[in-house]
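S.K.: Dropping a structure here in structure tokens format, bear with me for questions.
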Amino acid sequence: MQKILLLGAEAIAQGAIDGGMSGVYAYPGTPSTEITEYVQRDKLANELSIHSEWSSNEKTAMEAALGMSYAGKRAMVCMKHVGLNVAADAFVNSAITGVNGGLIVTVADDPSMHSSQNEQDSRFYGKFAMIPILEPSNQQEAYEMARKGFELSEKFKVPVLLRITTRLSHSRMGITRLDVIKQNENSLPGDPRQFVLLPSIARNRYKGLLNNQINFEIDSENSGFNNYTEGTNKKLGIIACGLALNYLNENYPNSDIPYPVLKIGQYPLPRKLVEKMFGECEEVLVLEEGAPVVEEMLKGYLQREKVKGRLDGTLPRDGELNPNLVASALGFEQDEAEKIPEIVSPRPPAMCVGCGHIDAYVALNEAVGTFGKGRVFADIGCYTLGALEPYNAINSCVDMGASITMAKGAADAGLIPAVAVIGDSTFTHSGMTGLLDAVAENSPITVLISDNFTTGMTGQQDSKALGKIEDICKGIGVAPDHIIVMNPTRKNHDDMVRVLKEEMAYKGVSVVIPRRQCVQTVKNKTLAAKLKELNLK
Amino acid sequence: MKIDIILAGVGGQGILTIAATIGTAALQNNLFLKQSEVHGMSQRGGDVQANLRISDKPIASDLIAKGKADVIIAVEPMESLRYLPFLSKDGWLVTNSTPFVNINNYPDKDKLIKKVKAVKNNIVIDADTMAKEIKAARSSNIVMLGAASSFLDLKYEDLEAAIRTIFERKGEKIVETNLKALKIGKEAAEKQI
């Protein structure tokens, strides 16, 4: 079959489609977004009626996928690493309920924080929930793991975590497809109380999960995704997890690695293979992308084992790996690389020319000036770039929805007025419940919902908030005369400043909605039709 | 054969189209390929790069090691210099001379070009002006691909075929424009070698 050139994220989508998936559920988040986008535009996926609409957030996505699994079908849920924090309640409990149809939880970590607030390693979550984890070393393997992950999930009746990182997700390779597996028919779980996590049932199910751990381990030992390559030089053994294997191989272009190598693609760790390595090698080097998860396990609390890696400085403790870092961990001498010439200036990302967020910030800065600086709590999205020069407009960016709740807490502490800045899509992701808290106590906060009709930063996906923001705010209980829509333009600057000042002086919850279409979406015909229908501009 | 290419520019300047064209040509020749891209935050006007690796043998790393790139193709002069640590001693730096200024502290253009010309093997062409001259302002990225075409170890006809594949759905006129852009880029570079 002809190879097709796919990003790692797209290879996962194709693998899931070919693996008999009936639905993908997700909220956009770099570097995971392209999985769902691929299913949305794939011809075969559309012919097979595979569900691929965006969800409001990662928790709703995780739960919907679990519901699809309950009904017997194969489902995938995708998110970025911090999205798993949002979905964690459903995720951890899904290990206890187990699954009916196969369920893959695909999580894309972002070591080096290219587009994220932290670089947490999702393998901790997989271990925490005590479920099998798959971690591909390349895009072809990512395809195969997505396709085969459903089978593994159904074999043990638990969800499977598919963990990838930025480089794997956003790099292309020619992919060889395998045949398409038919979707499952609908079926109810064999045990009608499987998904009822009352304590008496949950205790039993948890015991079952504990008893299954040994089976997961045996499966890892026999998995084609793990393998042990013998080596002649036993001074060192190398454990290479996921993508790290490539950086190891890159340093041996003639495939002549002298040391034994244990490739890890499936967790829990294959105990017998790890024992073999410790039995025959003097020292073990662990290469893993993200946190030292495996290294820490093997080293032990008392650090009695001779393990090298990120904890002893052989490799940096943070940031992603690359061929050069692995080369120096292997003791290879490297030529001094040329430096970046001093004339080169940093070029940070910035809001686009003509972006409505800019006009909203210019007005907000002026209005806030009257009350004093340090009171603007922002959120996750393009408008987070308001933290940079020349705006310096915001004082926080923590997690999805935190703008409103942090403003409320700060107001509780006497920082009055407090201001929240949140985008339309982030508002319906995680802002609504926080707004309800503020309304319940009539907190003196002003919430700017900067509405651009899209989920901008991740590449302009649909926004669930489209056409609903005022009704949602009214429904939550914001006084209708304190819900004010504005067109953020230079011409309206003075009006905006006046309104913002008035609303900030108001001793209760007000919502100001600067509303203008994202400039990146002007050619989007589907959106244009929807805006016309909703009479929005 | 094995060739490691770094593509450099600013988010939105079309380096991924260059990568897609080279990648298509490589796949049509049954070569192995890895192409690491930047998606997400930096696409909003930040510096972006792609690592493109082509070989007749399987490729291990998605990322090119420092000092190993055979060619840097840049659609912006300052961005061409950002990846100098990756250029091999005999590698070629092929860049557009038109700055993309979206920051306050953008360096002096003449000093910048001087610095580029100090690199051992360099080609500097004004792709923006050349693209405008053939009434194809948006094809300056393909002009740059043409300028680098002699260093890619791919047949020129294969790049032409790839351009047909990539731009086919946009119509014959766009295909022809981009083929022309490729050609003038190639010719301009040949005068400098």
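Any read-out appearing in this document is the output of simple, stated calculations on the displayed coordinates, not a laboratory observation. Note that the structure is predicted; figures quoted are calculated from it, not measured. Cβ sites come from the backbone with ideal geometry, for glycine too, and all protein chains shown count toward neighbours.
S.K.: Taking chain B as a Gaussian network, Cα atoms linked when under 10 Å apart, which of B:142, B:113, B:72 shows the biggest mean-square fluctuation?
M.R.: Fluctuation is largest for B:113.
S.K.: Could you tell me which helices of chain B pass both thresholds, a Cα extent of 15 Å or more along their own axis and a mean Kyte-Doolittle hydropathy of at least -0.5, with helices taken as whole DSSP H runs?
M.R.: B:15-28, B:156-167, B:172-190
S.K.: Excluding residue A:170 itself, what net charge comes from residues whose Cβ is under 9 Å from its Cβ, given Lys and Arg +1 and Asp and Glu -1?
M.R.: Spelling it out: positives minus negatives among the neighbours equals -1.
S.K.: While we're here: Relative to the longest principal axis of the C-alpha atoms of chain A, give the angle of the C-alpha long axis of helix A:199-222, reported between 0 and 90° and rounded to the nearest 10°.
M.R.: The angle comes out at about 50 degrees.
S.K.: Counting every Cα pair in segment B:1-110, what percent are over 17 Å apart?
M.R.: It works out to 53 percent of all Cα pairs.
S.K.: Once both axes come from the Cα atoms, what is the angle between helix A:356-371 and the longest principal axis of chain A, in degrees from 0 to 90, rounded to 10?
M.R.: 60
S.K.: Rounded to the nearest 5, what is the percent of antiparallel bridges among the DSSP beta bridges in the protein assembly as shown?
M.R.: Given both bridge residues lie in the protein assembly as shown, the antiparallel proportion sits at roughly 30 percent.
S.K.: Under a straight-distance cross-link criterion of Cα-Cα below 25 Å, which lysines are reachable from residue A:148, leaving out those fewer than 8 residues away in the same chain?
M.R.: Cα-Cα hits under 25 Å: A:3, A:43, A:59, A:73, A:80, A:127, A:157, A:182, A:263, A:272, B:34.
S.K.: Sticking with this one: Quick check on packing: order A:491-501, A:427-437 by the mean number of other C-beta atoms within 10 Å, highest mean leading.
M.R.: A:427-437, A:491-501
S.K.: Next question. I want the local charge near residue B:83. Using Cβ-Cβ distances under 14 Å, sum +1 for each Lys or Arg and -1 for each Asp or Glu among the other residues.
M.R.: Surrounding charge for residue B:83 is 0.
S.K.: If you don't mind, another one. Quick check on segment A:349-453: what are the equivalent-ellipsoid semi-axes from the Cα gyration tensor, as sqrt(5λ), descending, whole Å?
M.R.: 21, 16, 10
S.K.: Continuing with this model, one more query. According to the square roots a ≥ b ≥ c of the eigenvalues of the Cα gyration tensor, what is the shape class of the protein assembly as shown, taking rounded for a/c under 1.5, prolate for a/b larger than b/c otherwise, and oblate for the remainder?
M.R.: It is oblate, given that a/c is not under 1.5 and a/b is not larger than b/c.
S.K.: Place +1 on the Cβ of every Lys and Arg and -1 on the Cβ of every Asp and Glu in segment B:2-190, take the dipole about the Cα centre, and give the residue among B:20, B:161, B:64 whose Cα lies farthest towards its positive end.
M.R.: B:64
S.K.: About the Cα centre, and with charges only on the beta carbon of Lys, Arg (+1) and Asp, Glu (-1), how big is the dipole of the protein assembly as shown? Nearest 20 debye, please.
M.R.: Roughly 740 debye for the protein assembly as shown.
S.K.: With the dipole of segment A:227-329 worked out from charges on the C-beta (+1 for Lys and Arg, -1 for Asp and Glu) around the Cα centre, which of A:285, A:316, A:244 lies farthest toward the positive end?
M.R.: Positive-most Cα among the choices belongs to A:285.
S.K.: Determine which lysines satisfy two conditions relative to residue B:132: a Cα distance under 19 Å, and not lying fewer than 8 residues away in the same chain.
M.R.: Candidates past the 8-residue exclusion: B:173, B:180, B:183, B:186.
S.K.: Taking a cut-off of 15 Å between Cα atoms, list the aspartates and glutamates near residue B:2, but don't count ones fewer than 8 places away on the same chain.
M.R.: A:250, B:56, B:62, B:70, B:90, B:153
S.K.: Here's another thing I want to ask about it. Based on C-alpha coordinates, I'd like the Rg and Dmax of segment B:52-187, in Å.
M.R.: Every Cα atom of segment B:52-187 included, Rg and Dmax give 15.7, 45 Å.
S.K.: Then there's this: Per residue, how big is the convex hull of segment A:356-533 when only Cα atoms are used? Give it in Å³.
M.R.: Measuring per residue, one finds 106 Å³ for the Cα hull of segment A:356-533.
S.K.: How big is the antiparallel share of DSSP beta bridges in chain B, given as a percent to the nearest 5?
M.R.: Taking every DSSP beta bridge within chain B, about 50 percent pair in antiparallel fashion.
S.K.: In square nanometres and to one decimal, what's the mean projected area of the convex hull around the Cα atoms of segment A:227-329?
M.R.: It is 6.0 nm².
S.K.: Same structure again: Quick one: check the C-alpha center-to-center distance for segment A:57-129 versus segment A:200-249, whole angstrom.
M.R.: Going from one Cα centre to the other spans 20 Å.
S.K.: Another question about this same structure. Okay, helix-only estimate at 222 nm for chain A: each DSSP H run of n ≥ 4 adds -39500 (n - 2.57), divide by all residues, round to 500 deg cm²/dmol; what do you get?
M.R.: -11500 deg cm²/dmol
S.K.: With the contact rule set at Cα under 8 Å and sequence spacing of 6 or more, what percent relative contact order holds for chain A?
M.R.: Once normalised by length, the contact order is 11 percent.
S.K.: Can I ask one more? Relative to the first principal axis of the alpha-carbon coordinates of chain A, what is the inclination of helix A:402-412, with its axis defined by its Cα atoms, in degrees from 0 to 90 and to the nearest 10?
M.R.: Once rounded, the angle reads 60 degrees.
S.K.: Right, something else. Could you work out the relative contact order of segment B:5-120, using alpha carbon pairs under 8 angstrom and six or more residues apart, expressed as a whole percent?
M.R.: Taking the mean separation of contacting Cα pairs over the length of segment B:5-120, I get 26 percent.
S.K.: Net charge near residue A:489, counting Lys/Arg +1 and Asp/Glu -1 over other residues with Cβ under 13 Å of its Cβ?
M.R.: Local charge sum for residue A:489: +2.
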